[in-house]
Amino acid sequence: MSNQPHPPSPQQEPTADATQDPAPDLFTWEFAGNPYPAYAWLREHAPVRRTKLPSGVEAWLVTRYGDAKQALADPRLSKNPAHHDEPEHAKGKTGIPGERKAELMTHLLNIDPPDHTRLRRLVSKAFTPRRVAEFAGRVQELTDHLIDQFAERGSADLIHEFAFPLPIYAICDLLGVPREDQDDFREWAGMMIRHGGGPRGGVARSVKKMRGYLADLIHRKREALAVEPVPGEDLISGLIRASDHGEHLTENEAAAMAFILLFAGFETTVNLIGNGTYALLTHPEQRERLQRSLADGERGLLETGIEELLRYDGPVELATWRFATEPLRIGDQDIAAGDPVLVVLAAADRDPERFADPDVLDLGRRDNQHLGYGHGIHYCLGAPLARLEGQTALATLLTRLPDLQLAVDSDDLRWRGGLIMRGLRTLPVRFTPVR
């Protein structure tokens, strides 16, 4: 495959004419604050568009629901970066910063069947509805503990004091990271969030520290299981047992698996809680509707509401990288072998061809087959846990702090830069102190 960049063409870079608005600027700070008008333009005028990203990499953006759903399940779109026809200036600029140097590439977001099938089977048992339900008490305990830390103050930054630490501690418990080490993970994860859209060095250093710690933890757990073969309930112990019983899981694969479950399992939930709370605070009629339902002991609106919040302003803006393994067609565009493809979940989930009144937040929306957690064989493995954490966090916040409100104007809030995730940097709130 050639490493030469693709030449621009009029078809790839649509231009405005006298009858339509000009093409919007993408990936600016203004765009980050509200990308939905730009995505609406793309859906209408250039639903599959080749675009130069801020990193310099050129990729196809897919914005219509039907095209997006098809692309997410198309086996000709590989998750393996080895299929990228990668020009020299783009080397190392796809995927998670630092994962290549830390030898963490062999995980579920970067591989295809049959390896993907094998590794997914090994960890899927940790995310069954039964296992997630058993974890509900711990999630509620963490939620209440975090709210206790600021309830008497009457104000908080809900990102840093609540939405961020809750999934970090939860996923650490699930993986089997000892409690005394979990604050280290909180620090490393914080570095990854703070610098995810900026300097990649800070992220790479955090990834390297995580990699070293996870390799050491796997080694220590394997030694402990060899001496006392009592099966641990945590996921890392389960991976070790599977490896030791012929599942052919290498130590690199185990470390990479633990890393991606931590990485993918915390930031998506941070953004679900943060974006969801912000949406409720800026739609008071929907927030009051949910509070009335919770006061009556009804959970149905909470369950449909989480799905609507995932659709309306979800935590994952673009699905992770895919690469064409052969020439193919998406919509009316021909995609060359080696081309990167990015499915824009945020655009697809507001497609008026699929959702009635897509820009309206309706917590009771029933026909809601959103793509917030993907589609096909790469559908998010941790979705049941994220839903549990999101439901618990929002229900507890609205019940314990019933007059919760924004402490700043919406225009003063800033969204984190970055390509894949969508989340607020901070979410300052105030409420009547609870003593």
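The values are calculated or read from the model by the stated rules, or taken from the named source; none is laboratory data. Predicted, not measured: the structure shown is a model, and the values here were computed from it. Using ideal geometry, Cβ is built from the backbone for each residue, glycine included, and neighbour counts are taken over all protein chains shown.
Pull out all pairs, ordered by first then second residue, where Cβ-Cβ is under 7 Å, the residues are six or more apart or on different chains, the first lies in the stretch 410-431 and is under 19 Å from residue 398 (Cβ atoms), and the second is buried (at least 20 other Cβ atoms within 10 Å of the Cβ) and of a type in the set (Gly, Ala, Ser).
Pairs that qualify, where the first residue is under 19 Å from residue 398 (Cβ atoms) and the partner is buried (at least 20 other Cβ atoms within 10 Å of the Cβ) and of a type in the set (Gly, Ala, Ser), are 424/274; 427/274; 429/156.
Kindly indicate the residue of the stretch 149-191 that is small (Gly, Ala, Ser) and touching a residue at least 40 places away in the same chain (Cβ under 8 Å) and also surrounded by the most Cβ atoms within 10 Å (Cβ to Cβ) among those meeting that condition. So that I can check it myself, show each step before the final result.
Within the stretch 149-191, the subset small (Gly, Ala, Ser) is 151, 154-156, 163, 170, 176, 189-190.
Restricting the remaining residues to those that are touching a residue at least 40 places away in the same chain (Cβ under 8 Å) gives 151, 154-156, 163, 170, 176, 189.
Working: 151: 17, 154: 15, 155: 12, 156: 23, 163: 28, 170: 23, 176: 19, 189: 23.
Filtering the stretch 149-191 for residues that are small (Gly, Ala, Ser) and touching a residue at least 40 places away in the same chain (Cβ under 8 Å), the one surrounded by the most Cβ atoms within 10 Å (Cβ to Cβ) comes out as 163.
Residue-by-condition table, conditions (1) out of contact with any Leu (no Cβ under 8 Å at 6 or more places or on another chain); (2) in a loop (DSSP other than H, G, I, E, B); (3) of a type in the set (A, V, I, L, M); (4) closer than 30 Å to residue 28 by Cα:
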{"site": "346", "(1), (2), (3), (4)": "no, no, yes, yes"}
{"site": "355", "(1), (2), (3), (4)": "yes, yes, no, yes"}
{"site": "358", "(1), (2), (3), (4)": "yes, yes, no, yes"}
{"site": "381", "(1), (2), (3), (4)": "no, yes, yes, no"}
{"site": "391", "(1), (2), (3), (4)": "no, no, no, no"}
{"site": "417", "(1), (2), (3), (4)": "yes, yes, no, yes"}
{"site": "433", "(1), (2), (3), (4)": "yes, yes, no, no"}
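Are any of the residues in the stretch 287-309 crowded, with 24+ Cβ neighbours inside 10 Å, under 21 Å from residue 347 (Cβ atoms) and under 13 Å from the mean Cα position of the chain (by Cα)?
So far as the stretch 287-309 goes, no, none of its residues is crowded, with 24+ Cβ neighbours inside 10 Å, under 21 Å from residue 347 (Cβ atoms) and under 13 Å from the mean Cα position of the chain (by Cα).
Is it the case that residue 382 is surrounded by 18 or more Cβ atoms within 10 Å (Cβ to Cβ) and at positive phi? I'd like the intermediate steps shown before the answer.
Numbers: surrounded by 18 or more Cβ atoms within 10 Å (Cβ to Cβ): yes; at positive phi: no.
It is false that residue 382 is surrounded by 18 or more Cβ atoms within 10 Å (Cβ to Cβ) and at positive phi.
Determine whether residue 122 is part of a helix (DSSP H, G or I), touching a Leu at 6+ places or on another chain (Cβ under 8 Å) and in contact (Cβ under 8 Å) with a residue 24 or more places away in the chain.
yes
Looking at residue 75 and the list (1) at pLDDT 85 or above; (2) part of a helix (DSSP H, G or I); (3) surrounded by fewer than 17 Cβ atoms within 10 Å (Cβ to Cβ); (4) not hydrophobic (A, V, I, L, M, F, W, C), which single condition is not satisfied?
Failed condition: (2).
Look at residue 300 and say whether it is closer than 23 Å to residue 400 by Cβ and among the small types (Gly, Ala, Ser).
Yes.
Give, as residue ranges, the helices (runs of 4 or more DSSP H) completely inside the stretch 243-316 that count at least 2 residues that are modelled with pLDDT of 95 or more and among the polar types (S, T, N, Q).
251-281, 284-295
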